[in-house]
Structure formats: C-alpha cells, structure tokens
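Heads up: the structure comes next, in structure tokens.
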Amino acid sequence: MGRGTERRDDWRARMALRGGPLSHAIARAGWLVCAILGALAMVGVAVLYAASPGERGADNSVAANFVGGMIVMVPIGAAIGALLGLAAQTAARTWLRNPTEAERRVARAAEMAAVTQIPAHGLRASGRWARSYETCARSVAAYHHVVTTLPDGAGRDWLAGIGQTLDDELAESLRLARLGENLELGDGRPAGTALRVLDRLHAAERSFAETTERAAAIALELRDESDFVRVRAQLDMLAGQTPHLRASGHH
C-alpha cells in the first residue's frame with residue numbers, strides 16, 4: 001500500500017469520527033453535489049422561461065424556448081454551484097479534520113491522567129527505548145481514562161474490549177523495547193535488527209496515539225447521543241486500527 005493510499009485512508013478514518021452523512025458527502029465531493037444542484041435549479045428556471053418567455057421568445061415554440069434556456073442557464077447554474085460547493089467542501093473538510101475544543105479538553109484531561117500511570121519497565125532511564133515505550137504507555141493510559149468518562153452501556157463495553165487489546169499490544173511493545181535495548185551496539189547506535197525494532201516501536205507510538213485520539217472523539221459522540229448503533233461502524237473501524245505488534249512479530 002502506497003503512502004498516498006495510506007493518507008487517503010487516514011483522512012477517511014478521521015472524517016468518520018464526527019459529522020453526519022450530509023457533511024461527509026460535502027467533504028468528499030461538495031463541488032460536484034452543488035454543481036448538480038445548481039444545474040437542476042436552472043432546469044426549473046428553463047421550464048419557467050419556456051412557459052413565460054416574454055417578448056424576446058414570444059415568436060418561438062415552447063420547446064425551442066426550453067432548449068434555449070437549458071443551453072444558456074444549466075452551464076451557468078452548474079458553474080456557480082461548483083464554486084459554492086468547492087468553498088463548502090473546503091470548510092467541511094477543515095471542520096471534520098480539526099478537533100473541536102471539547103475534543104481537545106478530553107484529550108488534555110486524558111494526557112494529564114496518564115502521566116503518573118506508566119508501569120515499571122526496567123529499561124535504561126531516559127534512554128531511547130524507555131522513551132519510546134513510555135510514549136506508548138501514556139497513550140494507552142489516556143485511552144483507559146477516556147473509557148472511564150463514559151456511562152455504562154454497550155459503547156463503553158466495546159471501547160473497554162479494545163482497551164484490552166491495547167494492553168496486550170503495549171506488553172508486546174515493552175518486549176520489543178527490551179529486545180532493542182539488548183541488541184543495541186555499545187556506542188548506543190541501533191543497527192540491523194535493533195534499528196528495525198526501533199522503527200516498529202515508532203510506528204506503534206503513532207498508532208497508539210491515533211487510536212486514543214479517535215477514541216476520545218467517539219466518546220464525545222457516545223456521551224452526547226446514546227445511539228450505539230449509529231457509532232457502531234466507527235467502533236469497528238477503531239478496533240481495526242489498533243497497533244498490530246503481536247501479529248507482525250510472528251512473520
């Protein structure tokens with residue numbers, strides 16, 4: 001999978017965390033939607049013109065006036081609609097991508113609660129391996145804090161189940177960090193297998209952080225609206241986007 005495809009998938013994933021079908025449709029193809037609406041509106045105008053053409057079209061047939069109106073008005077309506085739709089598409093994408101102030105508050109609270117919840121790991125203090133593992137552990141602790149803010153219900157149970165998967169993946173990240181530290185060269189430079197392990201841990205850091213960020217957005221929706229069915233697809237997607245250190249470690 002190329003980087004462009006990964007970026008598009010990540011954009012779609014972020015969009016799915018908030019907004020309804022209309023806002024998603026505008027964000028994906030707002031210019032096209034509005035162009036079609038503009039063209040359809042002008043079809044109506046052409047019908048009205050054919051029915052009452054005034055002095056300029058009085059000598060023409062109704063069909064001729066309608067066709068003439070379509071030729072002139074529909075492209076204009078489509079062009080105006082496309083321009084308005086492009087502006088709406090840009091605004092919708094900006095809103096869907098950027099966290100709201102409420103989401104930022106949830107994320108900050110989760111991060112603060114996670115600072116003191118990093119378990120003992122036995123890695124060299126302040127070393128690259130300890131820092132990488134601690135970054136992963138803070139994200140997982142923040143995720144669990146998000147879950148504790150939810151009322152009892154199917155949504156909380158579902159997120160708690162994903163949290164158990166994150167705990168298992170975090171344990172695997174600790175195993176990898178210890179392995180990488182043991183394999184590191186005496187001069188402190190990772191090479192060979194140690195470098196590959198470090199790359200996997202950096203990828204895990206990003207994945208843990210993104211999972212926690214998306215969980216916070218979903219938690220806000222569950223708090224504001226108890227319709228679990230509506231966010232079920234988002235929860236399924238969240239479950240599929242957790243780190244997969246254990247699975248990759250078996251290859």
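The values are calculated or read from the model by the stated rules, or taken from the named source; none is laboratory data. Computed from a predicted model, the values in this text were never measured in an experiment. No Cβ is skipped: glycine too gets one built from the backbone with ideal geometry, and neighbour counts run over all protein chains shown.
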**Message:** Step by step: first the residues of the range 222-236, then only those that are part of a helix (DSSP H, G or I) and surrounded by fewer than 17 Cβ atoms within 10 Å (Cβ to Cβ), then the one that is modelled with the highest pLDDT. Which residue is that?
**Reply:** ASP236
**Request:** With the condition kept exactly as written, say whether any residue in the range 138-161 is surrounded by fewer than 19 Cβ atoms within 10 Å (Cβ to Cβ) and modelled with pLDDT of 90 or more.
**Result:** yes
